[in-house]
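So the structure is just underneath, and the comments pick up after that.
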Amino acid sequence: MSIFMKALPVLLFVPNFSSVVTDWSSACNIQLVPAYEDYEYVQDGDIIIGGIFSVNCVLGLIQLSEMPHMPPFLCMKPLSQFYRNLQIFLFTIDQLKKDQFLLPNLTVGYHIYDSCAHPMKAIRSVLQMLSGPGVTVPNYSCKRNWRLTGFIGDQSSTTTLPIAELLAVYKYPLISYGTIISSSSSPSFITIIQDYGEVLAGLSELVKYFGWTWVGIITSSDENGERESSLLSHFLRLHEICVGFLIRNTFITCESKHTDHQRNLEIVQKQSVQVVILCGSYHDFIFESSIVKWLQGVTMILTPSWAPHIVLIEKYPEIFNGSLSLEPRSLVTTEFKHFIDGFYPLGRPRDVLLQNLWMTTFHCFSGDREKDEHFEMIYTISLHNCTGLEHKTGTWSDDHEMFDPVYNAVWLMAKVLNTTSSSINDWYGNEGSYRNQLSRNLMRVVFQGHSVNNKAGELITKYSLYNNIIVNQTWNKIPVDVFLPYDSAHYKTLINISSITWKTINNEIPESHCTKSCLPGSRKVPGITISPCCYGCLPCSEGEISNRSDSENCMKCPDHQWPNDNKTECKSKQVDFLSYTEDEISVIVIAGSILFVIVTGFILGIFVLYRKTPIIKANNRNLSYVLLTSIMLSFLCVFLFLGRPVDGTCMLRQISTGILLSISISSLLGKTLMVYIAFKATKPGSVWRTWTGVKVPNYVLLTCSTVQVVICMCWVTLSPPFQEVDTQTYNDKVIVQCNEGSDLWFSSVLGYMGILATVSFILAFLARKLPDTFNEAKYITFSMLVFCSVWIAMIPAYLSTRGKYMVAVEIFAILTSNAGLLGCIFLPKCYVIVLKPELNTRKHILETKNTMSHH
């Protein structure tokens with residue numbers, strides 16, 4: 001059952017709900033529930049526009065002694081901002097009279113009632129208007145020239161929808177100035193307020209633009225509030241914005257009841273919401289609750305149903321200073337201010353609504369003793385005498401520049417009448433057809449550049465975003481953008497953020513999040529609550545970054561990059577190689593290598609200078625020269641291991657080291673073999689005499705070295721070493737190193753060198769006690785022991801290190817092994833040559849041999 005059908009029996013207050021036949025006419029007369037004060041405004045004209053306005057906020061029944069069986073309606077709590085709607089209606093009618101082009105040769109009248117925000121009173125008022133001034137008769141107008149063309153009303157859907165259902169029966173057009181809910185049963189019903197679907201979608205984009213993800217919603221408990229809050233929550237979810245709380249405050253509506261404000265306070269205090277959106281039907285009673293103090297610290301956003309009310313903003317400056325409001329662009333002229341400046345009870349003594357408003361606002365006597373007593377009892381106030389000229393700043397006149405839907409609704413109706421005025425003379429006898437034509441034209445009309453949508457019956461409106469601030473103790477609305485809804489999916493928003501004044505100390509955009517934003521370098525982790533906006537934060541894992549706040553996932557850095565300390569960006573990894581200048585190891589290596597080269601050159605010079613002395617001749621000076629040269633070059637090979645590796649140095653460093661060390665060991669092997677042959681050849685009839693020639697050590701040197709050269713050439717040809725960039729071993733650095741190309745060939749070079757060293761060590765060890773003037777075999781034994789020990793120790797150290805330290809291990813092995821050869825073999829000889837020259841004579845050698853032969 002519709003609201004209209006529910007309300008109709010209640011307002012027809014007669015026994016058994018039957019009609020009562022009057023004496024003046026044969027028509028049926030219905031006796032409606034009387035009103036203590038009916039608040040009727042009537043002005044005659046060629047055409048009449050009906051108006052339903054909710055000025056009073058509460059409807060009740062009052063028991064009067066003279067009407068004990070029929071208590072009349074009593075409308076209570078008139079509100080100035082609602083009375084202002086009625087003023088705008090009257091002002092607009094006055095403007096229509098001055099317009100000589102819109103409705104020429106026609107005067108516009110009106111018939112207005114206060115619905116008291118109750119559907120029963122609203123339907124009662126419509127029935128009275130349909131019958132014309134006087135007695136209410138169904139389907140009959142008591143005034144012959146009473147051309148009622150259409151209706152404007154009402155403030156909320158609670159009263160508007162029943163009116164629309166009733167007027168649909170008579171096919172009267174109805175334009176609502178307050179509700180956004182359309183009536184499916186009335187095709188001639190439109191609302192001047194655009195459906196907030198697009199507006200709320202744009203508002204949710206605005207919330208997202210400012211980075212807010214956790215907001216609160218306060219709305220009314222009527223249909224408007226339910227629909228707006230549902231739509232707003234939907235659009236917010238689409239932008240991943242969560243609603244921390246949704247309060248449907250029943251105290252916000254005209255038929256208000258007490259709300260548990262303490263419960264609301266507990267709800268909002270548990271949340272970290274810093275942005276609250278007001279939507280639904282407007283009423284400032286919501287701010288009489290205990291949440292007023294809490295709202296002082298949050299940023300308020302006002303939807304179009306709340307934004308125009310400067311009175312509200314002035315009443316709670318601590319709440320609304322720094323707030324944002326979304327409202328239609330201004331269309332009202334400044335003439336309205338001059339029109340309403342004359343609204344005082346002294347100048348309008350017959351305006352009962354204005355008188356009641358003065359009584360509740362300024363506590364003024366009305367002059368009616370019984371009425372004064374009723375008001376003092378109902379409102380618990382004490383009345384006093386007034387001048388009737390009192391004026392409260394902001395009561396209704398200070399917001400005259402705003403867009404007003406009542407103003408647009410009346411002009412829209414006049415525009416429709418203008419398109420249908422050619423057939424107004426055919427009113428009599430064809431009134432139904434005329435009203436049908438009015439309804440059709442209403443759906444097609446274009447009003448001041450704003451077209452009515454044929455399907456939804458809504459006025460397409462442009463909106464602006466305002467910043468409400470106090471400047472010099474005066475409220476100012478600073479426009480910060482123009483909001484243009486093109487269709488349901490596209491919006492254009494031009495926001496001047498620098499012009500916005502916020503509540504924050506440094507005038508920064510306030511933050512409103514369920515939890516603190518996850519800083520760059522971390523990612524969001526779902527929390528224990530069901531809301532996706534409540535989460536924890538975890539640092540990004542090794543090798544990952546996040547470069548923005550509230551990242552859901554961290555990004556892995558490329559192989560050649562690594563996160564910085566804050567894990568906010570990927571930076572190039574440190575390149576790791578043994579540099580010439582940037583490493584202390586390199587300085588030590590270079591200094592040691594140069595020192596050893598100098599020492600080796602000095603020894604080579606001594607050997608050349610004293611080349612004819614017995615000690616040098618006895619030890620095969622040619623092999624000594626080769627050995628010293630290979631040792632010197634080995635020391636210089638160290639420089640191939642320094643600096644950033646390239647393919648050329650990678651090949652040269654291993655090949656040159658392998659060949660030069662093989663030459664050194666081959667030289668020692670030749671020396672050792674020569675000592676051993678020389679001893680065997682001293683025995684009578686020994687076959688070793690034929691091998692005592694000088695060419696045997698040379699053959700050993702050449703043959704053994706050639707084998708190593710062949711191995712190296714095959715290595716270079718088949719699988720040469722090359723430069724390699726290792727990004728996996730270390731997280732924070734890239735190792736530029738030499739890849740050996742083939743472990744087999746690398747092992748072959750080292751293995752062959754080890755074989756030579758082992759053979760040389762064994763022969764030297766066997767010949768260590770053979771009679772020798774200068775203990776050559778013994779010194780070679782020591783040198784091979786050092787050489788083998790160094791390289792055997794080097795292998796596990798080499799395999800267990802990476803990067804420049806692996807190179808340093810190989811350099812250390814080269815320097816140490818060559819230094820061992822140099823020290824063990826040549827330093828004793830230099831000692832004799834330089835410090836004991838008397839031992840380096842032929843005579844001493846002969847004496848030593850004779851002594852050995854006697855032993």
If amide H atoms are modeled at 1.01 Å from N in the peptide plane, then the residues at a separation of 5 or more from Asp576, or on another chain, having amide H under 5 Å from its own are Val734, Ile735, Val736
Mark the label point 7 Å from the Cα of Lys556 along Cα→Cβ and return the residues of the stretch 716-734 whose backbone N is within less than 19 Å of it.
726-734
When the chain is fully extended, how far beyond the present Cα-Cα distance does Glu226 get from His384, taking 0.36 nm per residue of separation?
52.7 nm
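Between Ile509 and Val575, what's the calculated FRET efficiency when r is the beta-carbon distance and R0 is 45 Å? Round to 0.05. Numbers along the way, then the final one.
Details: r = 42 Å, r/R0 = 0.94.
With a Förster radius of 45 Å, E is 0.60.
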Nitroxide proxy distance, nm - points 7 Å out along Cα→Cβ at Val707 and Lys97:
12.9 nm
Taking a virtual spin label 7 Å from the Cα of Val725 along the C-beta vector, which residues in the stretch 535-568 bring their backbone nitrogen under 17 Å of it?
557-563
Report, by chain and number, residues whose modeled amide H sits under 5 Å from the one on Asp46, excluding near sequence neighbours (fewer than 5 apart, same chain).
Thr107, Val108, Gly109
Tell me, what ³J(HN,Hα) does each residue in the stretch 203-208 have, in order and in whole Hz, if you take phi through Karplus 6.51 cos²θ - 1.76 cosθ + 1.60 with θ = phi - 60° and put x for Gly and Pro?
5, 5, 5, 5, 4, 5
Suppose R0 equals 22 Å. What FRET efficiency, 1/(1 + (r/R0)^6) with r the Cβ-Cβ distance, do Ile792 and Ile598 give to the nearest 0.05?
0.15
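I'd like to compare 153-163, 811-821: which one has the highest average count of other Cβ atoms within 10 Å, and what's the full order after that? Present the calculation step by step, with values, prior to reporting the outcome.
Values: 153-163: 27.7, 811-821: 22.5.
Going from most to least packed, we get 153-163, 811-821.
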Could you compute how much accessible surface Arg227 exposes when probed at 1.4 Å, giving the result in Å² to the nearest 10?
80 Å²
Accessible area of Glu373 in the full protein assembly, 1.4 Å probe (Å², nearest 10)
100 Å²
Which of Lys524/Lys571; Lys524/Lys573; Lys524/Lys556 have a Cα-Cα distance over 25 Å?
Lys524/Lys573
Residue-by-residue Karplus 3J(HN,Hα) for the stretch 570-587, coefficients 6.51, -1.76, 1.60, Hz, glycine and proline x:
8, 10, 4, 5, 5, 7, 10, 7, 7, 6, 5, 10, 9, 10, 5, 4, 5, 4
Karplus-derived HN-Hα couplings along the stretch 648-656 (A = 6.51, B = -1.76, C = 1.60, θ = phi - 60°), whole Hz, x at Gly and Pro:
x, 5, 4, 6, 5, 4, 7, 5, 5
Can you compute the modelled spin-label distance between Arg548 and Asp565, with each label point 7 Å from Cα toward Cβ, in nm?
2.7 nm
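Sorted by packing (mean other beta-carbon atoms within 10 Å per residue), highest first, where do 713-725, 696-708 land?
696-708, 713-725
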Ranked by accessible surface with a 1.4 Å probe, highest first, in what order do Leu106, Leu744, Leu236, Leu633 come?
Leu744, Leu633, Leu106, Leu236
Placing each pseudo-label 7 Å from Cα in the direction of the beta carbon, Asn476 and Ile762 end up separated by a distance in nanometres of 10.3 nm
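How much length would be gained if the chain were fully extended between Glu376 and Arg802, taking 0.36 nm per residue of separation minus their Cα-Cα distance, in nm to one decimal? Kindly include the intermediate steps, with their values, before the conclusion.
Details: separation 426, 0.36 × 426 = 153.36 nm, distance 9.54 nm.
Between Glu376 and Arg802, full extension yields an extra 143.8 nm.
The values are calculated or read from the model by the stated rules, or taken from the named source; none is laboratory data. Keep in mind it's a predicted model, so treat the numbers as computed, not measured. In this analysis, Cβ positions are derived from the backbone assuming ideal geometry, glycine residues included, and neighbour counts consider all displayed protein chains. Only protein heavy atoms, including side chains, enter the accessible area calculation; ligands, DNA and RNA are left aside. Shrake-Rupley method; radii C 1.70, N 1.55, O 1.52, S 1.80 Å.
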